[in-house]
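Contents: one structure, followed by commentary.
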Amino acid sequence: MTLTPLTQNIHPDRGPTGIVEYEGNGGYLAVRDTLANLNPSEVLELIKEANLRGRGGAGFPTGMKWSFVPPDNHSGHRYLVANADEMEPGTFKDRLILEFDPHQLIEGMILSAYTISANIGYIFIRAEYHTAIRRLRQAIDEAKARHYLGTRILGSEFSFELHVHVSAGRYICGEETALLNSLEGKRATPRAKPPFPQVSGLWGRPTIVNNVETLCNIPHIVARGADWFKSLGKGVDAGTKLFGASGRVKHPGCWELPMGTSIREILEQHAGGMQDGYQFKGLLPGGASTDFLVSEHLDVAMEYESIMKAGSRMGTGTMIILDDRTCPVGMIANLEKFFARESCGFCTPCREGLPWVQQLLEGIEAGRGSVQDIEILERQSRFIGAIGNTHCAHAPGAIEPLVSGLKYFRDDFDAHIRNQRCHFKSGDA
């Protein structure tokens, strides 16, 4: 029984897995079997039954998302897009697959495209991923040479071409409709919904956008079945997940573990615990745009509903660890600076509100803060963080570290204002 399907071919010390090794380990067998024996609706039902939830952050059921694509009437192109932008601070899970097992993504995209009747695919990838871009393009050439891509794949009626599209940048491209605008050569501004991309997406055609890790699960589900996939999880959510940890831990990194693995296990066993001389203070469980959790949450399972009940979100599953010698005010100020800079600028609460939040936090950190500044931050947090007050979810996600930071680290904010300085920088912490 394969317990780590996503990383079974990944050996960083040996470089990327080429197509010969990938096929030798069973790669592309799912494509061969599916094109010969299954129709698209049968694959769709399999993905629904497996309860695969999107691994990009929202956790929306993948099969349900695909089912919103209208029936194929052969009236034009349909698109499948892999979101490989991965610009969430603290997140580096997709890069592991892109650099060391690119054929896994390609096979996942072929099967996904077949299921939704897409004939053109794009891998939308951030420009800084130079190694991944080069290896993906090489892998696509290898797949074409083996007739896994192109016209009438493996003699079937199904045709699919795949391209690598290098992003011009911007964190907002992680929002799927902003990504589609960017792919069309437009400004990366999120679109109003409805219509949703499944009906009217890239160039007005039916489009599915999925995260890299999500798509890489498809070949394994098709090859081994829904029951096998569900058996991999420890709790309610099915499958494995690429979890990560960064910060003052002894062994920062990325590991494939069962869904439902506890925060404590990831932090203490896989990341090796805190570095000598540092104590755990808190963490962002799924990248920078999630709420802080603290010591009382260490035994919470890393699965969507459990993390939500604890007051945060699973997000990307890559934890940013805050230690007792790092100023939480400074950390939050740094995050809000990033989010303010990365706003698309479309709506006022995000365009004007986030820079205001950044300015206030930087003033508090520098010793110029006042009690009124805290009141403004709390009011801004309630306004910006409310879903529906902004055009997309960028600002509500951006404000989550601040909302939870004021909840769990209020003493640190008050000390900055009372002493008119950062006590961490002065050595008093």
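No value in this document is a laboratory result; all are computed from the given coordinates. What you see is a predicted model; the values in this text were computed from it and never measured. Neighbour counts run over all protein chains shown; Cβ positions are idealised from the backbone, glycine included.
Observations, loosely collected:
- The trypsin sites (Lys or Arg not before Pro) of the range 152-189 that DSSP puts in a loop, and whose beta carbon has at most 16 other beta carbons within 10 Å, are 152, 186, 187.
- A simple count of charges around residue 198, restricted to other residues whose Cβ falls under 11 Å of its Cβ and scoring Lys, Arg +1 and Asp, Glu -1, yields +3.
- Here is the P(r) of the range 240-323: all C-alpha pair distances, binned every 5 Å from 0, give 3, 18, 32, 28, 15, 3, 1 in whole percents.
- Value of [θ]222 nm, deg cm²/dmol, for the chain, DSSP H segments ≥ 4, -39500 (n - 2.57) each, nearest 500: -12000 deg cm²/dmol
- Over the chain: Kirkwood hydrodynamic radius from C-alpha pairwise inverse distances, Å: 22.5 Å
- Rh by Kirkwood over Cα pairs, then Stokes-Einstein D for the range 1-141 at 1.306 mPa s and 10 °C, µm²/s: 97 µm²/s
- Charge dipole (the chain, unit charges on Cβ, about Cα centre) - positive-most of 140, 403, 221: 140
- If the convex hull is drawn through the Cα atoms of the range 321-374, its volume per residue in Å³: 84 Å³
- Straight-line cross-link partners of residue 93 among the lysines, defined as a Cα under 16 Å from its Cα and at least 8 positions apart when in the same chain: 241.
- P(r) weight above 28 Å for the range 15-231, C-alpha pairs, percent: 22 percent
- Measuring nothing but how far apart in sequence close Cα pairs (under 8 Å, 6+ apart) lie, relative to its length, the range 53-198 scores a relative contact order of 23 percent.
- More than 17 angstrom apart: percent of Cα pairs within the range 156-287: 72 percent
- Among beta bridges that DSSP assigns inside the chain, antiparallel share in %, nearest 5: 40 percent
- The range 151-165 and the range 255-269 have Cα centres lying 38 Å from one another.
- For the residue pairs 65/234; 186/337; 309/425; 65/281; 186/230; 48/407, the alpha carbons lie more than 29 Å apart in 309/425; 65/281; 186/230; 48/407.
- Three principal axis lengths of the range 94-176 [C-alpha, angstrom, descending]: 39, 24, 17
- Charge dipole (the chain, unit charges on Cβ, about Cα centre) - positive-most of 333, 300, 73: 73
- Each of 241, 337, 193 was scored by other Cβ atoms within 10 Å of its Cβ. Arranged with the fewest first, they read 193, 337, 241.
- Taking the Cα centre of the chain as reference, the dipole from Cβ charges on Lys and Arg (+1) and Asp and Glu (-1) amounts to some 740 debye.
- In terms of its Cα atoms, the range 328-419 spans 38, 20, 20 Å along the principal axes, sorted from long to short.
- Overall, the range 279-393 carries a charge dipole of about 280 debye about its Cα centre when +1 sits on the Cβ of Lys and Arg and -1 on the Cβ of Asp and Glu, all other atoms neutral.
- Under Karplus coefficients 6.51, -1.76 and 1.60, residue-wise ³J(HN,Hα) of the range 62-67 in Hz, glycine/proline x: 5, x, 5, 4, 5, 5
- Farthest toward positive dipole pole in the range 1-132 [+1 Lys/Arg, -1 Asp/Glu at C-beta], among 2, 22, 12: 2
- Rule-of-thumb Rg ratio for the range 294-356 [Cα; 2.2 N^0.38 Å; N residues]: 1.40
- Each label was represented as a point 7 Å from its Cα along the Cα-to-Cβ direction; for residue 382 and residue 32 these points are 6.3 nm apart.
- Overall dimensions of the range 212-275 by Cα: Rg and Dmax, Å: 13.5, 42
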